[in-house]
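To start, the structure itself, in structure tokens.
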């Protein structure tokens with residue numbers, strides 16, 4: 001299914017509004033690469049304006065320890081306080097120099113050589129070397145550290161065995177011939193490895209402080225980072241303030257003086273704060289206010305690397321029959337949900353993987369109620385057949401999930417004549433039921449961990465921890481394995497296509513509904529902020545004007 | 001009196017123990033653990049984490065662990081809400097804010113409720129009496145999650161007099177004004193009604209008639225003679241009320257985004273952060289017991305008949 005005309009018009013309109021507010025080009029600086037120059041202000045209008053940026057970070061961070069971070073709010077803080085070997089380009093998300101000023105990749109894609117800046121240092125001025133990265137990565141792979149995202153390091157040779165099977169740490173495929181060189185040997189060609197190097201799990205932590213303070217090293221007064229900003233004040237549940245780090249290698253081009261993150265988890269309250277002028281950016285908006293928002297020039301909505309879908313429990317009748325699963329998927333018009341229920345530009349989707357990093361999705365089963373009824377009949381249900389058994393759909397409780405579920409269930413009723421019950425439970429109860437396969441149909445969503453289709457396909461491997469549908473396909477597993485060994489980008493994408501074809505064209509263990517959008521409010525005075533598919537906005541490129 | 005106090009003080013730890021044990025069991029029975037998330041965890045990693053926090057042991061062992069740590073005043077580390085922070089540090093950080101907000105709310109409730117009740121009792125059935133009782137009833141009946149946003153709308157967004165949410169420390173008291181008013185409203189209403197009823201009850205007694213016969217003014221009679229006895233119902237209500245104000249700022253803390261202990265309690269329960277839940281439950285239990293004890297003592301001082 002194609003995005004509806006309304007969605008396309010919506011995007012064009014938003015893109016137009018945004019492009020007009022972004023002027024580029026920069027003060028003359030001969031040493032600056034062209035891509036960086038393009039991200040600088042074109043004139044001096046920013047001078048004399050207070051360079052203080054305040055945003056709502058949606059909640060209080062669980063931790064400032066980049067190795068332990070799992071959530072988006074924590075990631076937004078890591079982006080200011082820490083820096084990995086590379087950083088994200090604010091427009092394209094491609095890798096830009098970070099602690100490493102340059103790097104080389106071997107032709108087979110297995111060996112990475114990172115050359116660190118000789119002047120790299122922590123925000124207290126002490127030097128930062130390749131050994132810091134090695135020690136930090138070893139810490140992530142130490143089970144006792146409890147780093148839930150340790151799997152981001154698994155492409156590195158032996159990392160998975162070290163983390164899960166107590167292999168010797170010395171076997172890790174990382175060598176440091178000198179203080180400024182980091183050699184990384186991968187277990188398989190991983191085209192998104194640089195992207196992982198920008199992610200918080202792989203950011204360096206000050207091991208001397210970890211040794212001294214243990215788990216509590218990342219508290220105020222103890223925390224030490226190496227990012228473009230340093231922690232100035234952290235009043236939990238009040239605010240976190242970071243100021244430009246004088247010891248940062250690119251300090252001369254960081255225009256913001258301070259970045260303040262507020263922890264309001266009540267989005268209605270944050271919205272009021274935005275309206276009274278005390279916020280420059282809020283990265284999430286109250287869903288019930290969509291009518292107001294669409295009229296607000298500060299409102300933006302952009303496609304996000306995430307998919308909203310339903311899981312089918314393929315181990316239990318009647319959903320163990322692929323014809324029933326297909327009938328359910330065929331009987332839902334996604335555009336009804338995106339255009340009439342959600343109305344924020346979400347893309348109705350019959351596919352699972354959003355278009356990312358050169359991948360273009362495979363279209364799944366388009367809305368076809370007649371074909372749906374025929375399939376259900378072929379499966380033995382309906383007029384002349386057996387009555388359709390009671391089915392139920394579970395979700396965590398939230399207004400948006402309820403509205404979507406009610407629309408889907410109503411369409412099933414209208415198009416197939418079947419009744420599906422709705423069950424809403426508390427977050428942890430819902431997680432527990434999906435994890436233990438105690439469901440028939442379950443609401444689900446998946447947000448990509450990195451900018452590559454693999455993060456959407458590797459989860460469906462037989463018995464994969466995130467599969468949770470009971471579905472297994474040896475053909476799919478073989479294709480996945482092949483795609484993970486394939487270094488040629490085109491062949492790799494073709495293998496992903498075949499996987500998606502099995503997933504949403506042939507076996508249907510899931511029913512995709514739509515591709516997420518990121519919605520928020522951004523003041524016109526904020527510059528250097530770009531829309532991108534992962535909602536990542538490094539502060540060193542921002543300025544107020 | 002001394003024996004009574006001693007008995008009550010000795011009961012307190014027992015009550016706390018029962019409270020802690022019940023909460024412990026209820027939390028462990030809730031589905032899902034502190035580390036459950038949308039991202040599946042490798043079983044090996046899950047085992048390591050569980051072992052680190054002793055969650056892999058049988059529940060009786062965990063309970064004994066908890067008790068022995070409690071005996072050493074050790075509430076442990078927050079498991080998932082604030083990784084790397086001790087429960088005691090979280091409580092010490094957030095309790096003062098809740099107490100300050102609660103104290104302000106209580107003060108407001110008394111400052112509004114008592115005079116309103118006294119005025120009503122002096123001129124029962126008058127227009128002013130009726131008005132103040134209607135206002136009081138409205139304040140009692142409106143849930144705080146309605147009063148709070150209404151106040152924010154009027155005084156924050158429309159009039160721009162006060163900040164609508166957030167907290168900047170006690171050096172910026174403006175942030176606490178609206179939350180304190182919202183918090184105090186139902187209590188002020190109840191105190192006004194109780195004061196009025198108590199006073200009216202006392203005002204019809206003989207000693208009041210004597211005072212009136214001697215020519216004392218109505219105000220002097222109400223404040224000097226009747227209030228002492230007529231205030232007893234208010235005082236006995238104050239015990240649970242103080243506890244309710246201190247612990248009940250939970251909704252207010254959410255609406256106005258005040259970083260107090262009430263929010264920690266809710267968040268930690270949703271997160272299945274066992275240690276932090278136990279810590280907040282114990283603190284709230286302690287506050288509740290102390291407030292009730294103080295109220296009983298105050299009542300005994302006001303009315304000698306209750307001293308036994």
Task: Separation of the residue A:43 and residue A:235 label points, Cα + 7 Å toward Cβ, nm - done: 3.9
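Just to verify a number: FRET efficiency for residue B:37 and residue A:268, C-beta to C-beta distance, R0 = 25 Å, to 0.05?
Details: r = 25 Å, r/R0 = 1.00.
Taking R0 as 25 Å, the efficiency between residue B:37 and residue A:268 is 0.50.
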Open item on the list: What percent of all Cα-Cα pairs in the protein assembly as shown falls into each 10 Å bin, going from 0 up to the bin containing the maximum distance?
Closed with: 2, 11, 18, 22, 20, 13, 7, 4, 2, 0, 0
- [ ] Would you mind calculating the relative contact order of chain A from Cα pairs under 8 angstrom and at least 6 residues apart, reporting the percent as a whole number?
- [x] 20
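Which order results if B:170, A:353, A:197 are arranged by neighbouring Cβ count within 10 Å, fewest first?
Working: B:170 11, A:353 28, A:197 25.
Fewest-to-most ranking of B:170, A:353, A:197: B:170, A:197, A:353.
Please work out the FRET efficiency for the pair residue A:131 and residue B:145, using the Cβ-Cβ distance as r and a Förster radius of 41 Å; give the result to the nearest 0.05. Please list the in-between numbers first.
Values: r = 54 Å, r/R0 = 1.31.
Approximately 0.15, to the nearest 0.05.
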Open item on the list: Per-residue Cβ counts within 10 Å, from other chains only, averaged over B:27-40: what number is that?
Closed with: 6
Task: Pair residue B:4, residue A:493: separation of 7 Å Cα→Cβ label points (nm) - done: 8.4
Open item on the list: At 0.36 nm per residue, and after removing the present C-alpha to C-alpha distance, how many nm does the segment from residue A:247 to residue A:436 gain when stretched out fully?
Closed with: 63.1 nm
Open item on the list: Cut-off 10 angstrom, C-alpha nodes, Gaussian network model of chain B. Which of B:155, B:231, B:256 fluctuates the most?
Closed with: B:155
- [ ] Calculate how steeply helix A:5-20 sits against the longest principal axis of the alpha-carbon atoms of chain A, using the helix alpha-carbon long axis, and give the answer as 0 to 90 degrees to the nearest 10.
- [x] 10
Open item on the list: Cut-off 18 Å, label point 7 angstrom out along Cα-to-Cβ of residue A:59: give me the residues of the stretch B:18-58 whose amide nitrogen falls inside.
Closed with: B:31-41
Task: Nearest 10 degrees, 0 to 90: helix A:489-501 Cα axis against chain A principal axis - done: 30
Task: Where labels lie 7 Å past Cα in the beta-carbon direction, separation of residue A:144 and residue A:257 in nm - done: 4.6
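Considering Cα pairs under 8 angstrom that are at least six residues apart, work out the relative contact order of the stretch B:112-236 and quote it in whole percent.
Details: 141 pairs, mean separation 41.6, N = 125.
Once normalised by length, the contact order is 33 percent.
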TODO: Compute the long axis of helix A:369-378 from its Cα atoms, compare it with the longest principal axis of the Cα atoms of chain A, and write down the angle in degrees, 0 to 90, nearest 10.
DONE: 60
- [ ] Determine how many Å³ per residue the convex hull of the Cα atoms of chain B encloses.
- [x] 168
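Given a Förster distance of 51 Å, report the FRET efficiency between residue B:54 and residue B:216 from their Cβ-Cβ distance, rounded to the nearest 0.05.
Working: r = 69 Å, r/R0 = 1.34.
Taking R0 as 51 Å, the efficiency between residue B:54 and residue B:216 is 0.15.
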- [ ] Among B:142, B:301, A:242, rank each residue by its count of other Cβ atoms within 10 Å, from fewest to most, as a rough exposure measure.
- [x] B:301, B:142, A:242
TODO: Work out the mean other chain Cβ neighbour count within 10 Å for the residues of B:80-87 and drop it here as an integer.
DONE: 6
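Any idea what the relative contact order of chain B is, in percent, if you count C-alpha pairs under 8 Å spaced at least 6 apart? Numbers along the way, then the final one.
Details: 366 pairs, mean separation 81.8, N = 308.
It rounds to 27 percent for chain B.
How many Cβ atoms of partner chains, on average, are near each residue of A:213-223 if near means within 10 Å of its Cβ? Write out the running numbers ahead of the final one.
Values: counts 1, 2, 6, 6, 1, 3, 4, 0, 0, 1, 0.
Averaged over the peptide's residues, the number is 2.
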Task: Residues B:59, A:502, sorted so that the one with the fewest Cβ neighbours within 10 Å comes first - done: B:59, A:502
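FYI, it's all coordinate maths here, none of it is from the lab. Computed from a predicted structure; not experimentally measured. Using ideal geometry, Cβ is built from the backbone for each residue, glycine included, and neighbour counts are taken over all protein chains shown.
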